[in-house]
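Engineer: Here you go, one structure.
The values are calculated or read from the model by the stated rules, or taken from the named source; none is laboratory data. Just so we're clear, the structure is a prediction, and the values are computed from it rather than from any experiment. Backbone-built Cβ (ideal geometry, glycine too); neighbour counts: all protein chains shown.
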Amino acid sequence: MAPIDIALVLLVNLIWGFNFVAAKVGVSELPPMLLTGIRFCAIGLVLSPLILRVPRDQIRAVLWVALTAGLCHFGLLFIGIGLVGDVSSAAVAIQLNIPFVTILSVVILKETIRWRRILGIVIAFAGVIVIGFDPRVFSYLDGLLLCVAAAFSMAVAMIIMRRMRGVGVFTLQAWMGLVTGPSMLLFSALFETGQGAAVTNASLLAWAAVAYTAFGSSLIAHAANFRLLQRYPVTTTAPLMLLSPVLGIVFGVLLLDDALTWRMIGGSLMTLAGVGIIMLRERKIVGAAP
């Protein structure tokens, strides 16, 4: 891997790792549905010229991705982050999208997996269960479960994206903004209260967090990751992205005073190890293919 691409790997991990902190800061002052709606409206506005650049036979798939990856994934994730007591558990739980997408690949795409990837799936889920039985986590188990549901939603989106052709990463982001932004604002109007006061009283730090999640995470990091995916197989780059949840945990401890128990540490290591087994096994399979 070229030095510039190694630097991009580190940049993407730093941006996505810090994104958990930014999201927690944002939802501490703004209702999560409102924040998600504002974030995606901003993305859609900036990228609106790209909305028409979708092949007609791919529009349905793009809309499904916008629904599952945008509305469901980020909506559930930001609500979950608002409920959890720390970002560490959310950073780990969201990694379940890899085991989920592996399971869905077997069920929907009829792919075959062997015992090593099955073992990785079991270890990954066992790690989240260990975290869930931490006495501190019992107080916000609903938030953790919402993060797990967000991981499943992203896995569904990944299955759909595997079949998409001719749709650029920024075009997809534009459609996610078009669909997710107004929809989340509508849901916020229906299910949340105090939006006007929250917007009026939100600090510059909260608005900076919104801008970071929109343009840092969604645009800069995705653009850098897209370059990596163009130059290297996904089975090469994906394991390297396991650094982002580790950095999310570190940033949470250093910046938000998250407390780490031995159960939290052990569960996190189990989940990351399970995800790593799945990714590395897929890399070997691809490498052995003719």
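Engineer: Taking the stated definitions as given, is Ala42 buried (at least 17 other Cβ atoms within 10 Å of the Cβ) and closer than 23 Å to Leu219 by Cβ?
Structural biologist: Values: buried (at least 17 other Cβ atoms within 10 Å of the Cβ): yes; closer than 23 Å to Leu219 by Cβ: yes.
Here the answer is yes, as Ala42 does meet what is asked.
Engineer: Of all residues in segment 127-148, count the ones that are surrounded by fewer than 18 Cβ atoms within 10 Å (Cβ to Cβ) and among the hydrophobic types (A, V, I, L, M, F, W, C).
Structural biologist: So the count comes out to 5.
Engineer: Inside segment 109-128, can you point out the residues that are assigned to a helix (DSSP H, G or I) and charged (D, E, K, R)? Spell out how you get there, then give the answer.
Structural biologist: Quick first cut of segment 109-128, residues assigned to a helix (DSSP H, G or I) only: 115-128.
Answer for segment 109-128, where residues must be assigned to a helix (DSSP H, G or I) and charged (D, E, K, R): Arg116, Arg117.
Engineer: Another question, then. Test each condition in (1) crowded, with 19+ Cβ neighbours inside 10 Å; (2) closer than 23 Å to Ile277 by Cα for Glu111 and report the one that comes out false.
Structural biologist: (1)
Engineer: Also, quick follow-up: For segment 69-88, indicate whether the set of residues that are more than 20 Å from Met161 (Cα to Cα), under 17 Å from the mean Cα position of the chain (by Cα), of a type in the set (Gly, Ala, Ser) and at pLDDT below 85 is non-empty.
Structural biologist: Looking through segment 69-88, at least one residue is more than 20 Å from Met161 (Cα to Cα), under 17 Å from the mean Cα position of the chain (by Cα), of a type in the set (Gly, Ala, Ser) and at pLDDT below 85.
Engineer: Restricting attention to helices (runs of 4 or more DSSP H) lying wholly within segment 176-287, give those where 2 or more residues are closer than 30 Å to Leu119 by Cα, of a type outside the set (Phe, Trp, Tyr) and modelled with pLDDT under 90.
Structural biologist: Values: elements: 195-201, 204-211, 222-231, 234-240, 243-256.
The helices (runs of 4 or more DSSP H) meeting that bar are 222-231, 234-240, 243-256.
Engineer: Go through the residues of segment 85-93 one by one and say whether even a single one is assigned to a helix (DSSP H, G or I) and either surrounded by fewer than 22 Cβ atoms within 10 Å (Cβ to Cβ) or free of Cβ contacts under 8 Å to residues at least 12 places away in the same chain (or both). Explain how you work it out, then say what you get.
Structural biologist: Filtering segment 85-93 down to residues assigned to a helix (DSSP H, G or I) leaves 87-93.
When the remaining residues are screened for being either surrounded by fewer than 22 Cβ atoms within 10 Å (Cβ to Cβ) or free of Cβ contacts under 8 Å to residues at least 12 places away in the same chain (or both), the result is none.
Taking every residue of segment 85-93 in turn, none turns out to be assigned to a helix (DSSP H, G or I) and either surrounded by fewer than 22 Cβ atoms within 10 Å (Cβ to Cβ) or free of Cβ contacts under 8 Å to residues at least 12 places away in the same chain (or both).
Engineer: If you don't mind, another one. Which pairs do you get when a residue that is in contact (Cβ under 8 Å) with a residue 24 or more places away in the chain, found in segment 4-16, comes within reach of a residue that is surrounded by 14 or more Cβ atoms within 10 Å (Cβ to Cβ) and not in a helix (DSSP H, G or I), reach meaning Cβ atoms under 7 angstrom, with the pair 6+ apart or on two chains?
Structural biologist: Sorted first by the residue in segment 4-16, then by its partner, the pairs are Val12/Met241; Asn13/Met241.
Let's see how each residue does on (1) crowded, with 22+ Cβ neighbours inside 10 Å; (2) within 30 Å of Glu29 (Cβ to Cβ):
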{"site": "Ile98", "(1), (2)": "yes, no"}
{"site": "Gly120", "(1), (2)": "yes, no"}
{"site": "Ile123", "(1), (2)": "no, no"}
{"site": "Ile160", "(1), (2)": "no, no"}
{"site": "Gly166", "(1), (2)": "no, no"}
{"site": "Phe170", "(1), (2)": "no, yes"}
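Engineer: Next question, about the same structure. Among the numbered criteria (1) in a helix (DSSP H, G or I); (2) over 21 Å from the mean Cα position of the chain (by Cα); (3) within 23 Å of Thr171 (Cα to Cα), which one does Val106 miss?
Structural biologist: With (1) in a helix (DSSP H, G or I); (2) over 21 Å from the mean Cα position of the chain (by Cα); (3) within 23 Å of Thr171 (Cα to Cα) applied to Val106, the lone miss is (3).
Engineer: Continuing with the same structure: What residue, of Val62, Val167, is at negative phi, not aromatic (Phe, Trp, Tyr) and not in a helix (DSSP H, G or I)? Give the derivation first.
Structural biologist: On the way: Val62 fails: not in a helix (DSSP H, G or I).
Among Val62, Val167, only Val167 is at negative phi, not aromatic (Phe, Trp, Tyr) and not in a helix (DSSP H, G or I).
Engineer: Of these, Leu71, Leu52, Leu30, which one is assigned to a helix (DSSP H, G or I) and either free of Cβ contacts under 8 Å to residues at least 40 places away in the same chain or not polar (S, T, N, Q) (or both)?
Structural biologist: Numbers: Leu52 fails: assigned to a helix (DSSP H, G or I); Leu30 fails: assigned to a helix (DSSP H, G or I).
Matching residue, one of Leu71, Leu52, Leu30: Leu71.
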